[in-house]
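Engineer: I have a structure here, written as structure tokens, and I will follow up with some questions on it.
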Amino acid sequence: MSRRILHLGLGNFHRAHQAWYTQNAGDGWNITGVSLRSPNIRDALAPHGYDYTLAIRDAGGERLEKMTVLEDILFAKEQSEQVLEAIAKADLITLTITEKGYCLGPDNRLNKSHPEIEQDLSGELTSAIGYLAHGLARRDTPVTVMSCDNLSANGHALESALREFAALASLDLPVGLTFPSTMVDRITPATTPALSTHIAALGLPDAAPVETETFSEWVIEDTFAGPRPAWEKAGAQIVKDAAPFELRKLRLLNGAHSALAYAGLLKGYDYVHEAIADPDLRAMVEGIFTEASKTLPSAVETLSYRAALLSRFENPNLHHKLRQIAMDGTQKLPVRLLGTIHDLGGDAPNCRKGVAAWIDFALSEHAAGRALDDPRAGDITKACPEPQALAKLIGYTG
Ligand code: CS2
């Protein structure tokens, strides 16, 4: 009998990463995906039995893989009862809902006055946390619930938000749930019309294809409450403690990515591979690597990791827009850059350049009359044009 993963948040990243590992584990697991915001992916993939094409690209070229692991897609707003039942019956649950999807406050705990949480509590399910708590409350068996988002200690963050929500909503969660922390990594741009045209010309499934890089990493803490796919057969590492891997990835890769996005956009670049070719920006990125590396446990390898990161950023065949990375800065910067600055007692000039670039980017967007793509866009607008007020908004004390 095949086993089923219920996945919340069906973005490109999930379709390039966890879906790919699950398919390549080759032990018969399949995935039911849930979209929380829009029916577009469901509607595009349903006529094709939820199959899609993954274009795996590096400097050497492209390899195409037909993905068949998705068995069903539900759109929560229209199929809320089916989503709750699927959570109640799943063999394993995973999430990629982005940083903002956890509805956390600056203390990393559930923000009880978050509009989506208030809506959930008023009886109209909206957030992933709300769906998850209500679906899990229908179970009498334990299950693994795994965050695959770029938060530090993502398993703990998810568990604490979920338990806090359940208490507010007077829901009883089953005994024995586990929340392994994970480090996920695969650079995955948004789909472009050019990609769809290219895939169609090759005669492959061209509805909602995904492009990604060859490199891929997944480190998962070994605290499963039940069965799991043999992800290690596809290269995942199952470890006792994911924290050092997570810290290295968030502070080096994601920290440099965010700094490069804001500083690169300010210099007029559109793509990551263009920005990393600029000598000043490259020096800032290397500086961030050096600063972040000083904050990691000494056993963590960084030399070859850094070299690999530079060539990943240089990948000329991946169309990774700086604007995609620039989204949601208020949610990303504390984890990606402020931690390093804090741990080095402020002595992190390149990470500070990254934060300053976010402030300058916010100011320049404001001056151009554009609201930022950020859940706190309203607060950002209010803080402009005061750089100190923007810094305060993300908890940066200068
Ligand atoms: C990026 C990440 O958009 C962003 O903020 O930094 O999505 C990054 O590409 C992934 O974490 C790579 O694994």
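The values are calculated or read from the model by the stated rules, or taken from the named source; none is laboratory data. Nothing here was measured: the structure is a model prediction, and the numbers come from that model. When we count neighbours, we look across all protein chains shown, and the Cβ atoms used for this are built from the backbone with ideal geometry, even at glycine.
Engineer: Across region 178-210, what is the number of residues that are within 19 Å of VAL239 (Cα to Cα) and polar (S, T, N, Q)?
Structural biologist: 3
Engineer: Would you check which residues across region 199-233 are more than 16 Å from the ligand (Cβ to nearest atom), closer than 27 Å to ALA261 by Cα and not aliphatic (A, V, I, L, M) and list them?
Structural biologist: Answer for region 199-233, where residues must be more than 16 Å from the ligand (Cβ to nearest atom), closer than 27 Å to ALA261 by Cα and not aliphatic (A, V, I, L, M): just PRO209.
Engineer: Related question: Considering only residues that are more than 13 Å from the ligand (Cβ to nearest atom) and under 19 Å from SER311 (Cβ atoms), which ones fall in region 255-270?
Structural biologist: The one that is more than 13 Å from the ligand (Cβ to nearest atom) and under 19 Å from SER311 (Cβ atoms): TYR269.
Engineer: Can you spot a residue in region 258-279 that is without any contact (Cβ under 8 Å) to a residue 60 or more places away in the chain, buried (at least 24 other Cβ atoms within 10 Å of the Cβ) and of a type outside the set (A, V, I, L, M)?
Structural biologist: Looking for residues that are without any contact (Cβ under 8 Å) to a residue 60 or more places away in the chain, buried (at least 24 other Cβ atoms within 10 Å of the Cβ) and of a type outside the set (A, V, I, L, M), one finds at least one in region 258-279, hence yes.
Engineer: From the residues in region 234-254 that are surrounded by fewer than 15 Cβ atoms within 10 Å (Cβ to Cβ) and within 16 Å of the ligand (Cβ to nearest atom), which one is farthest from HIS156 (Cα to Cα)?
Structural biologist: For region 234-254, the residue satisfying everything is GLY235.
Engineer: List pairs: first in region 374-395 and over 12 Å from VAL355 (Cα atoms), second modelled with pLDDT under 95 and of a type outside the set (S, T, N, Q), Cβ under 8 Å, 6+ apart or cross-chain?
Structural biologist: Filtered contacts from region 374-395: ALA377/ALA371; ILE380/ALA371; THR381/ALA371.
Engineer: In this structure, does ASP120 turn out to be of a type in the set (Asp, Glu), more than 29 Å from ALA236 (Cβ to Cβ) and at pLDDT below 95?
Structural biologist: Judged against the criteria, ASP120 is not a match.
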